[in-house]
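The values are calculated or read from the model by the stated rules, or taken from the named source; none is laboratory data. All figures in this text were calculated on a predicted structure; none of them were measured in a lab. Here the Cβ is made from the backbone with ideal geometry for all residues, glycine too, and neighbour counts use every protein chain on show.
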Amino acid sequence: MKIIATEAQEKPLIERIMALKETPLEALQAKYCALFGKESPCSNNKLFIWRRIAYRLQEEAYGPLPAATQERVGELIKMYDPVNNSALRAENAPVPGKKKTLSRDRRLPIPGAIIRKSYKGTAVEVKTLENGLEYNEKVYRTLSAVAKAITGDHWNGYKFFTI
């Protein structure tokens with residue numbers, strides 16, 4: 001009797017996941033639909049779809065996260081959400097009577113987060129740093145300075161990146 005190896009038996013899980021990273025978007029969408037039983041994914045973002053597929057494959061291989069772990073992840077997201085970061089804002093709130101020191105703008109996402117925008121058909125990515133922002137391997141102090149470097153005109157940085 002001959003046993004036919006399935007895809008899961010042929011390659012280790014990590015190799016299958018990493019191979020999917022090079023897969024075209026259309027093929028990833030088809031794989032997503034097969035795994036999640038949906039007509040189409042909720043996004044056209046290749047990285048997002050790849051991550052969701054990778055998580056599902058790991059979940060099928062090793063089982064879901066325990067409920068306690070899922071609850072803890074939810075708590076950590078509330079505390080350290082890079083978009084809203086309300087916990088970080090509370091930590092850095094000014095204290096009455098204490099001399100104000102220059103620090104990073106609390107309206108920005110946490111350091112290491114990437115701010116993305118499409119401008120005139122070009123994808124723009126700005127990385128937040130502890131004291132500034134990095135765009136095209138150059139560090140800027142404010143979002144307005146980054147917007148001016150991109151457009152050549154003065155912009156309110158927050159308005160530019162939200163429009």
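A few comments on the model shown:
- Close pairs from segment 108-134: first at negative phi, partner of a type in the set (Asp, Glu) and not in a strand (DSSP E or B), Cβ under 7 Å, at least 6 apart: PRO111/GLU130
- Taking first residues from segment 67-79 that are free of Cβ contacts under 8 Å to residues at least 60 places away in the same chain and partners that are surrounded by 11 or more Cβ atoms within 10 Å (Cβ to Cβ), the Cβ contacts under 7 Å between residues at least 6 apart in sequence or on separate chains come to MET79/ALA87.
- Under the condition of being among the charged types (D, E, K, R) and more than 20 Å from LEU13 (Cβ to Cβ), the residues counted in segment 47-78 number 4.
- On the stretch given as segment 141-163, residues that are in a loop (DSSP other than H, G, I, E, B) and under 20 Å from PRO111 (Cβ atoms) total 2.
- Sole exception among (1) modelled with pLDDT of 90 or more; (2) surrounded by 13 or more Cβ atoms within 10 Å (Cβ to Cβ) for LYS11, by number: (1)
- Qualifying positions in segment 65-106 - exposed (fewer than 11 other Cβ atoms within 10 Å of the Cβ), at pLDDT 75 or above and either touching a Gly at 6+ places or on another chain (Cβ under 7 Å) or closer than 30 Å to PRO24 by Cα (or both): none
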